[in-house]
Ligand code: SAM
């Protein structure tokens, strides 16, 4: 069979529209779960196209809801679609879809934040990390309060080659609040440059594909939505452990409008702060007066390497948290004040 004929054979038979499915199964969107559905198949097709060719692909769709995007994934020729949905109300409509595409849809009723995706697919689909990405894709239109913690968790999984990345450099196509999508892809010097930009771009090639106006969703969310595509890098831009990189980047952006040394200084205990901050910046050859948003990925690489060296030299530095030091200080002050009051009384 010609390739286009094979794809046509994989197309779904006529089904009720997603709007009809929602009515049929009484699937009211739950505000609590931030549910906003996409009913327009041209849009779900467009999102799915951003993933690249899905011919014979394995796909994990996160948060399928009533299954609009699942239909687009199936119509794009995916051979095996594993859907992970937290809300049990959607399971019957997903089962209907599974019956329409025999052997191609597997349904997991669960939470993507805890789901072990490394167990969801056969090991033989894996590719070596340095090779081309495997024919496995993660696609999803999740609530924003899930997609941001999830991408942080998955960036860490990239660093350990676990979860979806136990199969190689699995590509992700996910939706975010438009502003978050802009932060994920923001370049050095831009207004949106943030901790998320540096973390994402350290581990992935990130592309902000297009924006979907909020009015395309039912019910309409307050914000517009960005579709972002991630391809894990064969070699992360920074070679230090994920926790160290995350801590460094978080501190660097602590005071985003101030000079970068202000935030970086908080990596060190108060008693040695000026000397160690100076040493860090000197070792990394970074100008202390650059703003956090002006720091490039090579700057962060040099800072992470220098901070790694300081942590190796000085016991306890890696686990130092300035907020904890401040909390203990406040506690001691309170105790001292209470002691003084008792003495006076
Ligand atoms: N993908 C569908 C669409 O585009 O119309 C639904 C989108 S709706 C914004 C998000 C979906 O993710 C809902 O079906 C919701 O129940 C599901 N969901 C929310 N949190 C989840 C989680 N932690 N794990 C799996 N699914 C989740």
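Every number in this text was worked out from the coordinates using simple rules, so none of it is lab data. Note that the coordinates shown come from a computational prediction; the quantities given were computed from them, not determined experimentally. A quick note on method: Cβ atoms are made from the backbone with ideal geometry, for glycine too, and the neighbour counts reach across all protein chains shown.
Tabulated values for the structure
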{"quantity": "Extension reserve of the residue 145-residue 270 stretch, reckoned as 0.36 nm per residue once the Cα distance is removed", "calculated": "41.5 nm"}
{"quantity": "Computed over segment 114-209, Cα set: Rg, Dmax in Å", "calculated": "13.7, 44"}
{"quantity": "Pair residue 335, residue 109: separation of 7 Å Cα→Cβ label points (nm)", "calculated": "5.1"}
{"quantity": "Cα-derived Rg over Rh, computed across segment 1-135 with Rh taken as Kirkwood radius", "calculated": "0.97"}
{"quantity": "Computed E for residue 34/residue 210 - FRET, C-beta separation, R0 22 angstrom, nearest 0.05", "calculated": "0.55"}
{"quantity": "Amide N of segment 227-243 lying under 17 Å from the label point, which is placed 7 angstrom from the Cα of residue 296 along Cα→Cβ", "calculated": "237-239"}
{"quantity": "Sorted largest first, extent of the chain alpha carbons per principal axis (Å)", "calculated": "80, 55, 35"}
{"quantity": "Mean Cα-pair separation over length for the chain, i.e. relative contact order, pairs under 8 Å, 6 or more apart, %", "calculated": "12"}
{"quantity": "Compactness of segment 235-298 - radius of gyration and Dmax, Cα, Å", "calculated": "11.5, 37"}
{"quantity": "Part-to-part distance (alpha-carbon centres) for segment 81-112 and segment 278-345, which is given in Å", "calculated": "47"}
{"quantity": "Simple spin-label estimate for residue 118 and residue 42 in nanometres, 7 Å along Cα-Cβ", "calculated": "4.4"}
{"quantity": "Pairwise Cα inverse-distance average, inverted: Kirkwood Rh of segment 229-345 (Å)", "calculated": "15.8"}
{"quantity": "Theoretical gain in end-to-end length, residue 258 to residue 222 [0.36 nm per residue, Cα-Cα removed]", "calculated": "9.9 nm"}
{"quantity": "Highest to lowest packing among 76-85, 201-210, scored as the average C-beta count within 10 Å", "calculated": "76-85, 201-210"}
{"quantity": "Nearest 10 degrees, 0 to 90: helix 297-313 Cα axis against the chain principal axis", "calculated": "50"}
{"quantity": "Gained length - residue 235 relative to residue 12, 0.36 nm times residue gap less alpha-carbon distance", "calculated": "76.4 nm"}
{"quantity": "Hydrodynamic radius by Kirkwood, which averages 1/r over all alpha carbon pairs of segment 159-311, in angstrom", "calculated": "16.7"}
{"quantity": "Rounded to 5, the percent of DSSP beta bridges in the chain classed as antiparallel", "calculated": "45"}
{"quantity": "Relative contact order [Cα under 8 Å, 6+ residues apart], segment 192-323, whole percent", "calculated": "23"}
{"quantity": "Helix 91-100 vs. the chain, principal-axis angle (Cα, 0 to 90°, nearest 10)", "calculated": "50"}
{"quantity": "Peptide ranges 216-224, 37-45 listed from the most packed, as the mean C-beta count within 10 angstrom indicates", "calculated": "37-45, 216-224"}
{"quantity": "Dimensions (Å) - segment 59-124, Cα atoms, principal axes, largest first", "calculated": "31, 27, 16"}
